[in-house]
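Readers should treat all values here as calculations from the given coordinates under stated rules, not as data from a laboratory. The shown structure was predicted, so the numbers you read here are calculated from the model rather than taken from an experiment. Neighbour counts run over all protein chains shown; Cβ positions are idealised from the backbone, glycine included.
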Amino acid sequence: MRTLLLACALCVASAAQAQSPTDYAAAKQQADRDEASLPASEAGALRDAQRLALDAAIAGCATPTADTSPFVVVAELDASGQVVRTWREGGTPLAICVQKQIRGSTLSAPPRAPFFTSFELSFTP
């Protein structure tokens with residue numbers, strides 16, 4: 001019985017990973033769908049958690065001469081809100097650094113897992 005349960009757990013984990021996006025475009029589409037599905041109160045809590053993670057990432061990555069070209073980082077969250085995977089559009093050193101910082105972040109627990117969210121950055125003088 002124990003072997004059967006372990007085998008079933010492995011099948012479920014494999015199926016979940018098979019559904020995970022393999023590229024930035026698919027991950028971004030999933031993030032847009034997941035974010036749009038949130039009620040206003042949960043969307044606000046997610047934005048607050050994103051702001052904290054992004055503030056920490058920018059503080060750790062920004063330099064006086066950083067290339068501030070727009071970029072997007074998509075994050076996959078687990079049930080606890082831990083970022084377990086990221087995708088990025090934009091190749092500047094700032095974008096790469098922010099992606100690495102976000103990869104180690106924990107946001108608020110999402111209503112379901114996996115849950116996808118995106119950090120879209122553009123800078124204006």
GNM flexibility winner over the chain from Ser41, Ser20, Ser108 (Cα, springs under 10 Å): Ser41
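Let's see if you can work this out: charge +1 on each Lys and Arg Cβ, -1 on each Asp and Glu Cβ, no other charges. What is the dipole magnitude of the chain about its Cα centre, in debye to the nearest 20?
With only Lys, Arg, Asp and Glu charged at Cβ, the dipole is about 340 debye.
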Correct option for Rg and Dmax of the Cα atoms in Å [calculated from the coordinates] among (i) 22.0, 71; (ii) 16.2, 63; (iii) 23.9, 83: (ii)
Within a Gaussian network of the chain (alpha carbon springs, distance under 10 Å), most fluctuating of Thr86, Thr22, Thr106: Thr22
Where chymotrypsin sites (Phe, Trp or Tyr not before Pro) fall in DSSP loop in the range 49-125, at most 14 other Cβ within 10 Å: Phe123
